[in-house]
Amino acid sequence: MRVFVNGESKELSGTPSLAELITQLDLPAARIAVELNRVVVRRNEWSNTILHDGDRIEIVHFVGGGISSAFICGCFVLWFVIKLEFMHVNSSYSPIIAR
């Protein structure tokens, strides 16, 4: 099976879950956010989310560091929080202005 992780093609065997992919990639689960086919997947749903051929996974890894890193990390967190809020309230990706 072929999936795309952050735009790069990756071959996987079987039908792994999102949690298994994170483990295979040796990523720190506590410091990443994941989007599957343009939908943010909450961490508690990773093990129940089965990947399929052609899926597109975007992974954002939060890192510590200087002021600029903290600012960038904060922007990513804010972006995901807003996205999750719109998914919860509207079940869609309406822009904040259109709400």
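In segment 37-49, the condition of being outside any loop (DSSP other than H, G, I, E, B) and within 17 Å of R2 (Cα to Cα) is met by no residue.
Rundown of residues vs (1) at pLDDT 95 or above; (2) of a type in the set (D, E, K, R); (3) in contact with a His (Cβ under 9 Å, 6 or more places away or on another chain), yes/no style:
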residue: M1; (1), (2), (3): no, no, yes
residue: S13; (1), (2), (3): no, no, no
residue: L18; (1), (2), (3): yes, no, no
residue: D26; (1), (2), (3): no, yes, no
residue: I32; (1), (2), (3): no, no, yes
residue: V40; (1), (2), (3): no, no, no
residue: N48; (1), (2), (3): yes, no, no
residue: G54; (1), (2), (3): yes, no, no
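In segment 7-36, how many are surrounded by fewer than 12 Cβ atoms within 10 Å (Cβ to Cβ), in a loop (DSSP other than H, G, I, E, B) and touching a strand residue (DSSP E or B) at 6+ places or on another chain (Cβ under 7 Å)? Of the residues in segment 7-36, 1 are surrounded by fewer than 12 Cβ atoms within 10 Å (Cβ to Cβ), in a loop (DSSP other than H, G, I, E, B) and touching a strand residue (DSSP E or B) at 6+ places or on another chain (Cβ under 7 Å). For segment 37-52, a tally of residues being of a type in the set (S, T, Y) and either touching a Leu at 6+ places or on another chain (Cβ under 6 Å) or surrounded by fewer than 12 Cβ atoms within 10 Å (Cβ to Cβ) (or both) returns 1.
Among the conditions (1) in the same structural domain as E8 (by TED's automatic domain parsing); (2) at pLDDT below 85, the only one that L78 does not satisfy is (1).
The values are calculated or read from the model by the stated rules, or taken from the named source; none is laboratory data. All figures in this text were calculated on a predicted structure; none of them were measured in a lab. Cβ atoms come from the backbone with ideal geometry, glycine included; neighbour counts cover every protein chain shown.
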